[in-house]
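**Student:** If you scroll down you'll find the structure; I have some questions about it.
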Amino acid sequence: MSNSVPGSAGVIATARLIAAKDLRVERRSRVLLNQVLPFALIVMVMFAFALDSDAVLERVAPGLVWLATLFSVLVMVSRSFAVETGDGALDQLRSAGVPATGIFIGKMLALMVQLMVLVALLVGAAVVLYRAHFSWAGGVLLVTTATAATCGLAAVGTLYGGLAAGAKGRETLLPLLLLPVVAPVLIGATRATESAFGTNGIAISEGWPWLGLLVVFAVLFSVAGAVAFGPLLDE
Amino acid sequence: MSNSVPGSAGVIATARLIAAKDLRVERRSRVLLNQVLPFALIVMVMFAFALDSDAVLERVAPGLVWLATLFSVLVMVSRSFAVETGDGALDQLRSAGVPATGIFIGKMLALMVQLMVLVALLVGAAVVLYRAHFSWAGGVLLVTTATAATCGLAAVGTLYGGLAAGAKGRETLLPLLLLPVVAPVLIGATRATESAFGTNGIAISEGWPWLGLLVVFAVLFSVAGAVAFGPLLDE
Amino acid sequence: MIAHEPGIDVVIDLSDAVAVLGSFPALAGATLSVNRGEIVLLRGPNGAGKTTLLRLCAGLIPLERGHGQVLGIDLKNDRELVRHRVGVIGHNNGLYGDLTVSENVRFWGRTVGATRAEVDAALRRMGLDGRLADLPVSRLSAGQKRRTALAGLVARRAELWLLDEPHAGLDATGRDELDQVLKMAAAAGATVMVASHELERAAQLATRQVEVVAGQVREIGAP
Amino acid sequence: MIAHEPGIDVVIDLSDAVAVLGSFPALAGATLSVNRGEIVLLRGPNGAGKTTLLRLCAGLIPLERGHGQVLGIDLKNDRELVRHRVGVIGHNNGLYGDLTVSENVRFWGRTVGATRAEVDAALRRMGLDGRLADLPVSRLSAGQKRRTALAGLVARRAELWLLDEPHAGLDATGRDELDQVLKMAAAAGATVMVASHELERAAQLATRQVEVVAGQVREIGAP
Amino acid sequence: MNTSMSKHSPRDRVTGTPFTRGLGVVILAGITLLIILAIFVSPADVNQGESVRIMYAHVPGAWLAYLAFVVTGISSVAYLWKRTRSLTWDRIAGASAEVGVLFMGISLVTGSLWGRITWGTYWTWDARLTTTAFLFVTYIGYLAVRGLGGTHQQRARRSAVLALLAVLEIPLVHFSVQLWNTLHQEASVAGRGTDVEMDGLMLFTLFLGVVVFTLMYVWLVLHRQRSLALDDMLDDSGLDNALTARRAEAQGVAR
Ligand code: HEM
Ligand SMILES: Nc1ncnc2c1ncn2[C@@H]1O[C@H](COP(=O)(O)OP(=O)(O)OP(=O)(O)O)[C@@H](O)[C@H]1O
Ligand SMILES: Nc1ncnc2c1ncn2[C@@H]1O[C@H](COP(=O)(O)OP(=O)(O)OP(=O)(O)O)[C@@H](O)[C@H]1O
Ligand SMILES: [Mg+2]
Ligand SMILES: [Mg+2]
């Protein structure tokens, strides 16, 4: 704006604007609180039903937490972009020359915040429902795992959500693209959580390499998203 | 129309029109074929991976088939109503005085046809992937189970899909409504399928009572839908 | 000739009607009476309640207070019965993007029992035969979509036409075609109520103008 | 005063431009040159390519063949650079239904670096202060939504305004306000291109009319 | 754009050239030799018995799928890099991904047949098998995105980004046997120091299989790439016709 030509806001400012907007929309509509959360809890209960055996349940509890998270991510991403495409706001953002990297970071951050809340509650639920063992020693591992995993999920969800946003049949394209890619997150987070819980007698130290995988994934997709979001959105 | 006042089509005619329209939309957009099907298959793979033990897998294979079906139903129902609400067609149907019972039956039938295709393929996949045992003797039970279960799922899906259609945040409301209600279908279909497969040495004869549950469910929700769809859609 | 029950010549009869959206009285005591064969123009500022009035008359939203009859049917108790005798077009088009223009019009025509010939006539009437007929609606321009929606409406023989800004997006020819259709329908005994902001244009069409202001209706003399 | 690079007085310069939607040449060789300060009215039948022309000039769709420059920027290579200097409103409003009117306008203003004062001025300009400002957009009438979208556009100081049927849905006051805004912007050195089917009204606004027919552009003398 | 092709007459617009025809003959000969070596000449395995012969299709299939996906990735980079940007790269990427999915499919099918014989099951939730399935589905998703529509450039841009992300799964598949302790064969040929010693003739047959599959890959990609180019050209000439028609329409409206 130094040359007095009205320009668009910078990347950081845009990211902040978008994240604040998304969180405000969530605060108004309370979709996470009133709907996603119960959905995730029901998914976990359903698993418990489908498996129907305490011994098995306890062993697979960490996996189920992350599986429930995964399905919730699908729902949340599609909601996050339904907000943008409902009345052509995404198109408007493009045509206002708003930096795509900013849009990506903003939407990813908002998604991440919501996911963190969700994961925290699911882990709590797992402790209760599946009688998972929660040791304070594993706490640090668990928190870092959750952070890295949500970061990765938010990044890849936003990236592919944006890709699918314009397409017709996006309700179904998104899961197709997302699920195979997030498999490593599912695995990594499950194993790290297992060792944090001490499931099957796995030591905490075994969890750290898995955390490494999660961090690599998160960094990879955050960078990819920041770089590629513009070209993906563009016609 | 006998009194020469132009009226709307009857219930049956409407149902046929709507079902034909939905199936034509599917034929054009190929969403089931290109996207839901791979999605369902991936869901099955993910489950298997999260469980990660052959012995367990074989035991829970029937449950997983129906769990994957359930998640696909969510996706398909939301797609089915996205088609109606995208440009206000549902509102237009209401204001044209089209009989709501006809709309319900039409959309339910279209959903059922698509679900039948899906379930057939998933059962096939389960036989291969999870090494489920398929006996020809259990075939009859399996086919009737699949029919009753898809009928019930289609009915309840259409009913709640219509309910959620107008609401904001419908992407997340639908699963919340649907999942707890279909729990009986999940259980009944799983048990009936188990006995059709002979999983855990369950005899085929044990499956028939479960089939009864499914039939009751299907009849109940079909009737409820036919009756209540109009009031539900209305403001 | 459009059929009608003899003796009912007051097609719309509202007195002190109140309709509520959320908790807001979008119609706050509207009184209006429309006779058969009239073409009424609803004018008034944004948010005055024109759309709400049309939707109330179509039986789409409940009458909260006051009295209202449409085509001799009481809005308080039987508003569902109004619907299949009324043709409505709102701000949305209600089209299926994956189906072609002719498939859409045929679908909407057949839901109200129109014959194939009537559908074809409607397509021709709105200039949608030719290349456009087989194009998926998702590929149309804004005005072409509006035309398709109007063709779906024209395909049925409604007794009461309720149109919410029907001209928006139509080109000059389309406007003329639509006006002609509406005039013919009115001449044949149907009744038309149009909300519009294009006052000059709509004034030529209407036989009577009515102003909606803050949820109430005021008569304006014949144009 | 709107800033501009000195020396560039041809703001839009298209020659034989082709733009493709799907596989259809919606623009089939359009040649058009617009100078700074002009208010150009795009007219023409439905499906002629007006929307496509506007989107091409906004850098939203690629230039398939031919040449094109907007604000001195080549559309073939750098069309992304056009965007933040252009204000666009299309057939859709691009609003967030859960946010209030003022939140929406502020959001759109701030994405392009407008100050709080500018946003407030825009709200006042479009008559959106008062009760409406704190209403969620999902509860607005069609015209009120359009106003909100226009306020978001007014809040930024674009050098080139591209408007696709901006009047649709606005009431008489709204139309006047909008026209006034556009005239002031043009007087201050901005350029305006408007697609519209309301020919009488738009002719009063425009300094020049241009007809789009089957993807090509034809000059029409000054009004 | 591939302008060199438009110089030829329509009659030349076929996907075969003398080179590919020659290559085709070599491939046929190679396949024959491979079948003879694999089924009749090479010895049975100590552990696997006769079923080891499946390996000569299974392993080259997997490796060539890797190769194909890597080629897709490299072509995508070439497309994204401004200096080498050309739709030809995009078409090579697409062709290679299609062929890669085909080969991965071959490897999956032969693998599960082999599994049926040696492990007694078509499928098991082994890490290698699962990650392979994910890789397979990822590229199906890639092909679905290619089919989304839009302009050629848009298709190219989207799918190139996707290809770059997808190719990263290959190391995951390859190292999955080390990451997780699995049933599946460790990397015995291309892996780090293992104690498995392969019989010379078996190794040679495997080598021949890889060569034949590579030639097949080249042949398929060349043809497919050209047919994709023809598709795009058809689009372009369709555009020419459509342009003419639309201009004529404008004349028709002339006053
Ligand atoms: C559906 C089942 C199977 C799938 C999806 C599968 C997949 C693969 C893949 C992707 C590779 C390439 C590995 C790499 O180099 O990175 C491979 C290699 C190989 N597979 Fe399989 N496989 C399957 C079953 C089997 C079975 C049953 C056997 C034998 C008992 C087998 C033996 C081998 C061998 C010997 C190699 C070469 C190993 C090397 O040197 O890297 N596979 N398989
Ligand atoms: N939940 C609500 N809370 C408060 N006000 C509401 C609510 N829902 C609707 N409104 C108001 O009700 C009115 C609806 O008016 P309506 O849509 O009938 O207007 P209109 O005359 O059709 O306007 P336009 O010309 O813009 O289409 C608007 O003023 C709107 O702000
Ligand atoms: N995929 C496609 N296939 C064929 N035709 C298409 C496709 N996509 C768009 N079109 C056509 O391209 C044209 C787009 O025109 P555009 O939207 O620019 O028209 P417009 O002048 O803005 O019309 P309106 O006045 O109705 O808004 C229409 O004729 C439409 O039918
Ligand atoms: Mg209105
Ligand atoms: Mg247009």
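**Student:** Name the residues in segment A:93-117 that are within 14 Å of A:Thr14 (Cα to Cα) and among the polar types (S, T, N, Q), would you? Talk me through it step by step, then tell me what you get.
**Tutor:** Taking segment A:93-117 and keeping what is within 14 Å of A:Thr14 (Cα to Cα), we get A:93-94, A:96-110.
Residue satisfying the conditions is A:Thr101 alone.
**Student:** Considering each residue of segment D:135-164, count those that are within 16 Å of ligand 5 (Cβ to nearest atom) and either surrounded by 24 or more Cβ atoms within 10 Å (Cβ to Cβ) or under 24 Å from C:Phe24 (Cβ atoms) (or both), and give that number.
**Tutor:** Looking only at that region, the number is 3.
**Student:** In this structure, does D:Gln209 turn out to be of a type outside the set (A, V, I, L, M) and within 25 Å of C:Pro45 (Cα to Cα)?
**Tutor:** Details: of a type outside the set (A, V, I, L, M): yes; within 25 Å of C:Pro45 (Cα to Cα): no.
Taking the combined requirement at face value, the residue does not satisfy it.
**Student:** Let me ask something additional. Scan segment E:30-69 for residues that are part of a helix (DSSP H, G or I), of a type outside the set (S, T, N, Q) and within 15 Å of ligand 1 (Cβ to nearest atom) and report the count. First the steps, then the outcome.
**Tutor:** So the first thing to find is which residues in segment E:30-69 are part of a helix (DSSP H, G or I), and the list is E:30-41, E:50-69.
Add one more test, that the residue is of a type outside the set (S, T, N, Q), and what stays is E:30-31, E:33-41, E:50, E:52-69.
Those still in the list that are within 15 Å of ligand 1 (Cβ to nearest atom) too: E:38, E:50, E:52-69.
Looking only at that region, the number is 20.
**Student:** Here's something else I'd like to know. Residue under question is C:Ile61, and the condition is that it be β-branched (Val, Ile, Thr), more than 8 Å from ligand 2 (Cβ to nearest atom) and at pLDDT 90 or above; does it hold?
**Tutor:** Details: β-branched (Val, Ile, Thr): yes; more than 8 Å from ligand 2 (Cβ to nearest atom): yes; at pLDDT 90 or above: no.
No.
**Student:** Restricted to segment D:187-204, and to residues that are surrounded by fewer than 20 Cβ atoms within 10 Å (Cβ to Cβ) and away from chain C (no Cβ under 14 Å), which residue is nearest to ligand 1 (Cβ to nearest atom)?
**Tutor:** Here the answer is D:Gly189.
**Student:** For residues in segment D:89-120 being of a type in the set (Val, Ile, Thr) and part of a helix (DSSP H, G or I), which is surrounded by the fewest Cβ atoms within 10 Å (Cβ to Cβ)?
**Tutor:** So in segment D:89-120, the residues of a type in the set (Val, Ile, Thr) come out as D:89, D:100-101, D:105, D:111-112, D:115, D:119.
Retained after the next criterion (residues that are part of a helix (DSSP H, G or I)): D:101, D:105, D:111, D:119.
On the way: D:Val101: 28, D:Val105: 30, D:Thr111: 27, D:Val119: 22.
Step by step, filter segment D:89-120, then rank; the result is D:Val119.
**Student:** Could you please find all residues in segment C:139-171 being at the interface with another protein chain (Cβ under 7 Å from one of its Cβ atoms), part of a helix (DSSP H, G or I) and more than 16 Å from the chain's Cα centre (by Cα)?
**Tutor:** C:Arg139, C:Ala142, C:Gly143, C:Gln144
**Student:** Here is a follow-up. Taking into account only those residues within segment C:210-223 that are among the small types (Gly, Ala, Ser) and within 16 Å of ligand 2 (Cβ to nearest atom), which is surrounded by the most Cβ atoms within 10 Å (Cβ to Cβ)?
**Tutor:** First, the residues of segment C:210-223 that are among the small types (Gly, Ala, Ser): C:214-215, C:221-222.
Still in the running and within 16 Å of ligand 2 (Cβ to nearest atom): C:214-215.
Values: C:Ala214: 13, C:Gly215: 21.
Out of the qualifying residues, it is C:Gly215.
**Student:** Please state which one of D:Leu95, D:Leu41, D:Leu71, D:Leu128 is at the interface with chain A (Cβ under 8 Å from one of its Cβ atoms), in contact with a Lys or Arg (Cβ under 9 Å, 6 or more places away or on another chain) and either within 16 Å of ligand 4 (Cβ to nearest atom) or touching a residue at least 12 places away in the same chain (Cβ under 8 Å) (or both).
**Tutor:** It is D:Leu95.
**Student:** Okay, next question. Among the residues of segment C:125-165, write down those that are basic (Lys, Arg) and within 24 Å of B:Ser29 (Cα to Cα). Show your work before the answer.
**Tutor:** Applying the first criterion (basic (Lys, Arg)) to segment C:125-165 yields C:125, C:131, C:139, C:145-147, C:156-157.
Within segment C:125-165, C:Arg131, C:Arg139, C:Lys145, C:Arg146, C:Arg147 meet the criteria.
**Student:** Is it the case that E:Arg224 is in a helix (DSSP H, G or I), away from chain D (no Cβ under 14 Å) and either of a type outside the set (A, V, I, L, M) or within 19 Å of the chain's Cα centre (by Cα) (or both)? Walk me through how you get there before you give the answer.
**Tutor:** Working: in a helix (DSSP H, G or I): yes; away from chain D (no Cβ under 14 Å): yes; either of a type outside the set (A, V, I, L, M) or within 19 Å of the chain's Cα centre (by Cα) (or both): yes.
For E:Arg224, the condition - in a helix (DSSP H, G or I), away from chain D (no Cβ under 14 Å) and either of a type outside the set (A, V, I, L, M) or within 19 Å of the chain's Cα centre (by Cα) (or both) - is met.
**Student:** Confirm whether D:Leu123 is surrounded by 22 or more Cβ atoms within 10 Å (Cβ to Cβ), in contact with a helix residue (DSSP H, G or I) (Cβ under 6 Å, 6 or more places away or on another chain) and away from chain A (no Cβ under 14 Å). Can you show your working first?
**Tutor:** Values: surrounded by 22 or more Cβ atoms within 10 Å (Cβ to Cβ): yes; in contact with a helix residue (DSSP H, G or I) (Cβ under 6 Å, 6 or more places away or on another chain): yes; away from chain A (no Cβ under 14 Å): yes.
So D:Leu123 fits the description; yes.
**Student:** A follow-up question, please. When you scan segment B:79-92, how many residues do you find that are more than 7 Å from chain C (Cβ to nearest Cβ), within 19 Å of C:Arg83 (Cβ to Cβ) and touching a Gly at 6+ places or on another chain (Cβ under 8 Å)?
**Tutor:** Residues meeting the conditions: 2.
**Student:** Please find, among D:Leu21, D:Leu42, D:Leu53, the residue that is within 16 Å of ligand 3 (Cβ to nearest atom), modelled with pLDDT of 90 or more, hydrophobic (A, V, I, L, M, F, W, C) and closer than 21 Å to E:Leu239 by Cα. Spell out the reasoning first.
**Tutor:** Working: D:Leu21 fails: modelled with pLDDT of 90 or more; D:Leu42 fails: closer than 21 Å to E:Leu239 by Cα.
Of the residues listed, the single one that is within 16 Å of ligand 3 (Cβ to nearest atom), modelled with pLDDT of 90 or more, hydrophobic (A, V, I, L, M, F, W, C) and closer than 21 Å to E:Leu239 by Cα is D:Leu53.
**Student:** Filter segment E:127-161 down to residues that are without any contact (Cβ under 8 Å) to a residue 60 or more places away in the chain and of a type in the set (Lys, Arg) and give me whichever is nearest to A:Asp234 (Cα to Cα).
**Tutor:** Among those residues, the one meeting the criterion is E:Arg158.
**Student:** Please pick out the residue among D:Gly72, D:Gly90, D:Gly49, D:Gly66 that is on the phi > 0 side of the Ramachandran plot and within 16 Å of ligand 5 (Cβ to nearest atom).
**Tutor:** Details: D:Gly72 fails: within 16 Å of ligand 5 (Cβ to nearest atom); D:Gly90 fails: on the phi > 0 side of the Ramachandran plot; D:Gly66 fails: within 16 Å of ligand 5 (Cβ to nearest atom).
Being on the phi > 0 side of the Ramachandran plot and within 16 Å of ligand 5 (Cβ to nearest atom) holds for just one of D:Gly72, D:Gly90, D:Gly49, D:Gly66, which is D:Gly49.
**Student:** Any idea how many residues of segment A:218-229 are surrounded by 19 or more Cβ atoms within 10 Å (Cβ to Cβ) and more than 7 Å from every other protein chain (Cβ to nearest Cβ)?
**Tutor:** 6
**Student:** Taking segment B:192-206 as the search range and keeping residues that are surrounded by fewer than 23 Cβ atoms within 10 Å (Cβ to Cβ) and not aliphatic (A, V, I, L, M), which one is nearest to A:Val75 (Cα to Cα)?
**Tutor:** The residue in question is B:Thr199.
**Student:** While we're looking at this one, here's another question. Confirm whether B:Leu109 is at pLDDT 85 or above and more than 30 Å from C:Arg85 (Cβ to Cβ). Working first, answer last.
**Tutor:** Numbers: at pLDDT 85 or above: yes; more than 30 Å from C:Arg85 (Cβ to Cβ): no.
No, not satisfied.
One line per residue, one yes/no per condition, for (1) within 14 Å of chain A (Cβ to nearest Cβ); (2) in a helix (DSSP H, G or I); (3) near ligand 1 (Cβ under 8 Å from one of its atoms); (4) touching a Lys or Arg at 6+ places or on another chain (Cβ under 9 Å):
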position	(1), (2), (3), (4)
E:Gly105	no, yes, no, no
E:Gly115	no, yes, yes, no
E:Leu129	yes, yes, yes, no
E:Ile140	yes, yes, no, no
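**Student:** I've got another one for you. State whether the residues of segment E:18-31 include one that is at pLDDT 90 or above and of a type in the set (Ser, Thr, Tyr).
**Tutor:** no
**Student:** Also: Would you mind finding the one in D:Leu56, D:Leu63, D:Leu81 that is surrounded by 18 or more Cβ atoms within 10 Å (Cβ to Cβ), free of Cβ contacts under 8 Å to residues at least 60 places away in the same chain, part of a helix (DSSP H, G or I) and more than 16 Å from ligand 1 (Cβ to nearest atom)? Spell out the reasoning first.
**Tutor:** On the way: D:Leu63 fails: part of a helix (DSSP H, G or I); D:Leu81 fails: surrounded by 18 or more Cβ atoms within 10 Å (Cβ to Cβ).
The match here is D:Leu56.
**Student:** Among the residues of segment E:146-157, what is the count of those that are assigned to a helix (DSSP H, G or I) and either within 7 Å of chain A (Cβ to nearest Cβ) or of a type in the set (D, E, K, R) (or both)?
**Tutor:** Within segment E:146-157, the first condition is being assigned to a helix (DSSP H, G or I), and the residues that meet it are E:146, E:152-157.
Checking which are either within 7 Å of chain A (Cβ to nearest Cβ) or of a type in the set (D, E, K, R) (or both) leaves us with E:146, E:154-155, E:157.
The total comes to 4.
**Student:** State yes or no: is C:Thr207 among the hydroxyl-bearing types (Ser, Thr, Tyr) and either farther than 30 Å from C:Ser15 by Cβ or buried (at least 21 other Cβ atoms within 10 Å of the Cβ) (or both)?
**Tutor:** Values: among the hydroxyl-bearing types (Ser, Thr, Tyr): yes; either farther than 30 Å from C:Ser15 by Cβ or buried (at least 21 other Cβ atoms within 10 Å of the Cβ) (or both): no.
When the stated conditions are applied, C:Thr207 does not pass them.
The values are calculated or read from the model by the stated rules, or taken from the named source; none is laboratory data. Nothing here was measured: the structure is a model prediction, and the numbers come from that model. Please note: Cβ atoms are built from the backbone with ideal geometry, for glycine as well, and neighbour counts cover all protein chains shown.
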